[in-house]
1. How about region 7-41: which of its residues are open to solvent by 70 Å² or more (accessible area, probe 1.4 Å) and in contact (Cβ under 8 Å) with a residue 60 or more places away in the chain?
2. Kindly evaluate Ala87 against the criterion of being assigned to a helix (DSSP H, G or I), within 21 Å of Ser160 (Cα to Cα) and not β-branched (Val, Ile, Thr).
3. For Phe81, which of the numbered conditions (1) in contact with a strand residue (DSSP E or B) (Cβ under 8 Å, 6 or more places away or on another chain); (2) of a type in the set (Phe, Trp, Tyr); (3) more than 16 Å from Ile173 (Cβ to Cβ) fails to hold?
4. Free of Cβ contacts under 8 Å to residues at least 40 places away in the same chain and either aliphatic (A, V, I, L, M) or assigned to a strand (DSSP E or B) (or both), is that true of Thr133?
5. I need a count of the residues in region 82-93 that are more than 17 Å from Lys116 (Cβ to Cβ) and either surrounded by 14 or more Cβ atoms within 10 Å (Cβ to Cβ) or touching a Lys or Arg at 6+ places or on another chain (Cβ under 7 Å) (or both).
6. Anything in region 150-165 that is within 25 Å of His74 (Cβ to Cβ), open to solvent by less than 40 Å² (accessible area, probe 1.4 Å) and assigned to a loop (DSSP other than H, G, I, E, B)? List them, or say none.
Amino acid sequence: MLSYISSHDTVIAQGDKKYNGSFMLMLPGAIQIYYGDESNRPQIPIPAGSSASAGHQLRSFMNWDSIDNDLEAHWQKVGKFRSSHVAVGAGANAAISSSDANGVAFTRVYDKNGVKDSVAAVITSAANTDISTDVSSIFADGSVVRNAYDGTTATVANGSVTFNSGAHNTIPIEAVSAEAPTTPSTPSTEPTVPVDDDTNPTTP
């Protein structure tokens, strides 16, 4: 299924465009980002008496000279999380609980063809608030997980983990990958045998 919030023959999505980025980029299935969704491209008014159609409003020039950098950075962060985790778009969705009743909390789990990926997220919660989320269905106690939005980490305890929702009410949660231990190389115990380059010795 392909989801989109703007297109060449609908409207340019309005409202809270950071919220638009959070929910849009967390949707299951495929998504289409229409140019300007992530940069606050304005919908150009049609001048009175103009022969232009409404479609011209939706196909105007990209707003290269007025990019909303804060909005774009938000879309990039959530988009990177989506790109890094196949579970976001292709995983099975399950609702989970969080300490903010207004927040939408969920897990996505993908397990197919030898590929396993599990993530959790909370969106639409109160801004700049510490939110505890029940992640017991995908992360065991003692697991170190990361808020992929701001890079902070926390340890799962009693099935729950707490992160701050930040200014844009978005907490994408992923496992922190453990680094593979490195095995020091073992020096060779074999003696070095000198090479005899004289393959045709002279017999006295």
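The values are calculated or read from the model by the stated rules, or taken from the named source; none is laboratory data. The structure displayed is predicted, hence computed values, not measured ones. With ideal geometry, Cβ positions are generated from the backbone for all residues, glycine too; neighbour counts draw on all protein chains shown. With ligands, DNA and RNA removed, areas are computed over all heavy atoms of the protein, side chains included. Shrake-Rupley method; radii C 1.70, N 1.55, O 1.52, S 1.80 Å.
1. Within region 7-41, Tyr19 is the sole residue that qualifies.
2. The answer is yes for Ala87.
3. (3)
4. no
5. Looking only at that region, the number is 1.
6. Ser165
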